[in-house]
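Peer 1: Please find one structure pasted underneath; my questions will follow.
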């Protein structure tokens, strides 16, 4: 004998379903309501998302020495050169002077032994890009990055050691914000100058000497060249200038 299954009336079943639906909606609303007890913990956005979209500004162009008083910083661009870099190192050594050499990556690859010689003489290195593209300020940030980081890598390989490269100098002194940003990101100070005797134009030894003597001030950074052409006039001028600096009470140092 089969037992009859008793079912609740349809109106009762609908009432139960509606009540359950209302209860579910109430629970969902209470959970999602801002500030409600038991609301889910919102994920904290990453630091990069909360930070300002604009990075910290790159440092100002460096035109002075690290030391105070009658100090001068000599800088040499566009080398290393197998003829003139050794001559300049000899003149510096004879006069107890130091300098910063702003080297080009293509030259570094050709003459890695000169990078090691510069370091052995107690000099400092400066990144001057791979190809010395004087229109680099107009290039994309990717190209700028490749030029700056590429030269840095060339210097490390040539030195066969982890060597500090504390400065970056823009080719031709033509700067852009991406160039300054990339250099700052790589830990290099943007190196400019305060005295330019235009020795790169080979105006004559006397003019180079006169321009430096008239333009230099305590804390000055002097732009000279050991590469990029015939630098015999620069070597001769340096032989006259270094004793003059000493006689004037100057000391030799590095950019600040």
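Peer 1: If you average over every viewing direction, what projected area does the convex hull of the Cα atoms of the stretch 165-256 give, in nm²?
Peer 2: If I average the Cα hull's projected area over directions, I get 6.4 nm².
Peer 1: To continue, here is another question. Which peptide among 108-116, 123-131 comes first, and what is the full order, when sorted by highest mean count of other Cβ atoms within 10 Å? Please list the in-between numbers first.
Peer 2: On the way: 108-116: 18.3, 123-131: 23.1.
Top to bottom by mean Cβ count within 10 Å: 123-131, 108-116.
Peer 1: Continuing with the same structure: Among 204-213, 155-164, how do they line up from the highest to the lowest mean number of other beta-carbon atoms within 10 Å?
Peer 2: Highest mean packing first, the order is 204-213, 155-164.
Peer 1: Applying 1/(1 + (r/R0)^6) with R0 = 25 Å to the Cβ-Cβ distance of residue 177 and residue 198, what FRET efficiency is obtained, to the nearest 0.05?
Peer 2: It comes out at approximately 0.40.
Peer 1: Rounded to whole Å and sorted largest first, what semi-axes of the equivalent ellipsoid does the C-alpha gyration tensor of the stretch 154-196 yield via the square root of 5 times each eigenvalue?
Peer 2: Taking √(5λ) for each eigenvalue gives 21, 13, 9 Å, largest first.
Peer 1: Further question on the same structure: Say each of residue 163 and residue 68 gets a label point 7 Å from the Cα, pointing the same way as Cα to Cβ; how far apart are those two points in nm?
Peer 2: That separation, rounded to one decimal, is 3.2 nm.
Peer 1: Still on this structure, please answer the following. Using a cut-off of under 19 Å, list every residue of the stretch 56-94 whose amide N is near the label point 7 Å from the Cα of residue 232 along the Cα-to-beta-carbon line.
Peer 2: It comes to 81-91, nothing else.
Peer 1: For the stretch 136-210, what is the convex hull volume of its Cα atoms per residue in Å³?
Peer 2: 118 Å³
Peer 1: If you average 1/r over every pair of different alpha-carbon atoms in the stretch 71-252 and take one over that average, what Kirkwood value in Å do you get?
Peer 2: Over the stretch 71-252, the inverse of the mean reciprocal pair distance is 16.3 Å.
Peer 1: Work out, step by step, the length gained on full extension between residue 135 and residue 109: first 0.36 nm times the residue separation, then minus their alpha carbon distance; give nm to one decimal.
Peer 2: On the way: separation 26, 0.36 × 26 = 9.36 nm, distance 2.19 nm.
Extra length available between residue 135 and residue 109 comes to 7.2 nm.
Peer 1: Quick check on the exposure proxy: order 175, 244 from fewest to most C-beta atoms within 10 angstrom.
Peer 2: Ascending number of Cβ neighbours within 10 Å: 244, 175.
Every read-out reported here was derived from the displayed coordinates using simple, explicitly stated rules and does not represent laboratory data. Model, not experiment: these values are computed from the prediction. Reconstructed Cβ throughout: ideal geometry from the backbone, glycine too, with neighbour counts over all protein chains shown.
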